[in-house]
1. At 4 °C and 1.567 mPa s, what whole-number value in µm²/s does Stokes-Einstein give for the translational diffusion of region 231-317, with Rh from the Kirkwood sum over Cα pairs?
2. Using only alpha-carbon positions, what ratio does the radius of gyration of region 30-127 give when scaled by 2.2 N^0.38 Å?
3. So what is the accessible area of the chain per residue, in Å², with the probe set to 1.4 Å?
4. Please go through the residue pairs Lys366/Lys399; Lys127/Lys287; Lys374/Lys401; Lys378/Lys453; Lys196/Lys225 and name each one whose alpha carbons sit more than 28 Å apart in this structure.
5. When the helix-only estimate is applied to the chain (DSSP H runs of n ≥ 4, each -39,500 (n - 2.57), divided by the residue count), what is the mean residue ellipticity at 222 nm, nearest 500 deg cm²/dmol?
6. Evaluate the charge dipole of the chain about its Cα centre and quote only its size in Debye, nearest 20, assuming +1 on the Cβ of each Lys and Arg and -1 on the Cβ of each Asp and Glu.
7. Can you classify the chain as rounded, prolate or oblate using the Cα gyration tensor, where a ≥ b ≥ c are the square roots of its eigenvalues, rounded means a/c under 1.5, and otherwise it's prolate if a/b beats b/c and oblate if not?
8. Which lysines have a Cα less than 19 Å from the Cα of Lys146, not counting those fewer than 8 places away in the same chain?
Amino acid sequence: SYGDTYPTYNGGIGMTYEQGGSGRAGLGIITSIGDTLTLKDRIAHHHTTGLSTVEVAANNVSKLNDEFKKFHLKTDFKYKSYVLNGNPDNLESLTNLLNKHEIEYKTGDNSTVKGYNFTTGKIGSLKSTDKSVVISTNQAKGTLVKVLFEPMAKLSDSVTYDITAWSLPYAYGLEAIASTNNVNGTITPKNNKELKSITSNSYAYLADWNSMKDAKFLAELLRNKVRVRYAHKPFSLDGISHERGTLIITKSDNKHLKNFTEILDNASKSHLKELIATNTGFVDSGKDFGSSYVDVIQNLNIAVLSGEPTSTLRFGEIWNFFEQQLNYPITILDEDYFSRVDLTTYDILILPDGRGYSSFLTDSIKEKIKNWVKRGGKLIAMGGAIDGITASDKDFALKEKEIKKDTTNTIESFEISERERIKSAITGAIFKATVDNTNPLAYGYGDTYFTLKLGDRAYQYLENGSAVYLSEGANQPVSGFAGSEAKKKIAETLIFGTENMGRGQVIYMIDNPLFRGFWENGKLFFANALFMVK
């Protein structure tokens, strides 16, 4: 949430000091009352404020230490324990986060735990096993645990520009129970699992596809020119069932690589990725490896638009995803010279969320993009870019949802009208969405997904390509604030979808699966948009 909340929930005194001008002031800026505020002034003010803070703290050492101690002795938490099950890769990502913040956790002890069920929103139960993660609020970081895991954060005021929900079980796509009892667990040593080396005498190697860890593994193979296939249909082979999206790496596809086995072995070990070797491409049930239901994943040339039409924050999230998380190359195209770019050199074009698309997307630019898609390009449009690219254009099947507005003519005071405006707002609330996991955009997911919705942007379902959507009655947030009018507007609307256009595809992401890089369970949708949608 806000920058001062982290120290606050770790027993410190969270403060925010800001000076006028933000990032646009340069060496000086004229204030609203006509004065000049210089960079030198701003530095001096921050310097003075910082020293003053240190001085006051130094004069109140005993008081600060006493309060810090009392903060960490809090035990009045409603929920005493949180128990989590689910995808092992997502659990691993979560425990990595807990380790960074020195939050203690244990594994389960084969018991049944009752409490608030995050998935259903009701009292339920969950089986705790040695694969479960158990987190207690009875620890030094108990308050931080409460903040990060409680299902519905209590807000003192819904008028906020920031998110109002962030519960980690939803963000990591995990089953969870919040229990009012202390749940027993076992402290287990870290499992430094060693994978067996890849042998060169197998016909093919199979890898499952259901997490960002799998996407990183695939990205490394593609960077090393390994040819990878993937399955569009579930299949069974050697008595093992495999789901849609399963990666298939055959030796015959990679005869061009003299060190194929070494590359595959290194990638498997660096990502702790278990591969299943097989000596045949003929399956027990489903579609054989040579069928039309098994596609090759191309090594992609990806471009991302930057500049005036885009939000710097949303552009930065995409850049970070590729450079720091997926580790896959991209080309950044600035809007200044976009009209001169030859799009045929790229397989994918990503348009980040932003507010400036109405002026950027001139008729000629829009036709250029559409013609590129029709010839086989893949367009990923996010947030405000969707408004710009689809507006009044019959080539796009996606249509904005319209609702009748209340035309009652009433007069309200300014203070009340501010409160009325939030009826149409969604300030970062979590909704339970339905998933069509037969759509390549949703490979690796179950039938539900908890989406973080940042506004009331609403589009109708696509006839054939609705991969994730709010079904009937799913317009109530499971956590966070949503205004009454906004909830009406988003009822039965699209979250993520795909549309064929000529020989290419358009992928719509109304909600942002990469928001601030913390919505871990949304990242595979973005990887699917890159590698699975074809």
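The values are calculated or read from the model by the stated rules, or taken from the named source; none is laboratory data. No experiment lies behind these values; they were computed from the predicted model shown. With ideal geometry, Cβ positions are generated from the backbone for all residues, glycine too; neighbour counts draw on all protein chains shown. Ligands, DNA and RNA are excluded from the accessible area calculation, which covers all protein heavy atoms including side chains. Shrake-Rupley method; radii C 1.70, N 1.55, O 1.52, S 1.80 Å.
1. Values: Rh = 16.1 Å.
D = 81 µm²/s.
2. Details: Rg = 23.8 Å, N = 98, 2.2 N^0.38 = 12.6 Å.
Taking the Cα Rg and dividing by 2.2 N^0.38 Å, one obtains 1.90.
3. Values: 27450 Å² over 534 residues.
Roughly 51 Å² per residue, with all protein chains present.
4. On the way: Lys366/Lys399 17 Å; Lys127/Lys287 35 Å; Lys374/Lys401 25 Å; Lys378/Lys453 25 Å; Lys196/Lys225 23 Å.
Beyond 28 Å between Cα atoms: Lys127/Lys287.
5. Numbers: 15 runs with 139 residues, N = 534.
Value at 222 nm, helices only: -7500 deg cm²/dmol.
6. Working: 62 positive and 62 negative charges, 176 e Å.
Here the size comes out at about 840 debye.
7. Values: a/c = 1.58, a/b = 1.18, b/c = 1.34.
The shape class here is oblate.
8. Lys69, Lys70, Lys74, Lys78, Lys80, Lys100, Lys106, Lys114, Lys122, Lys154
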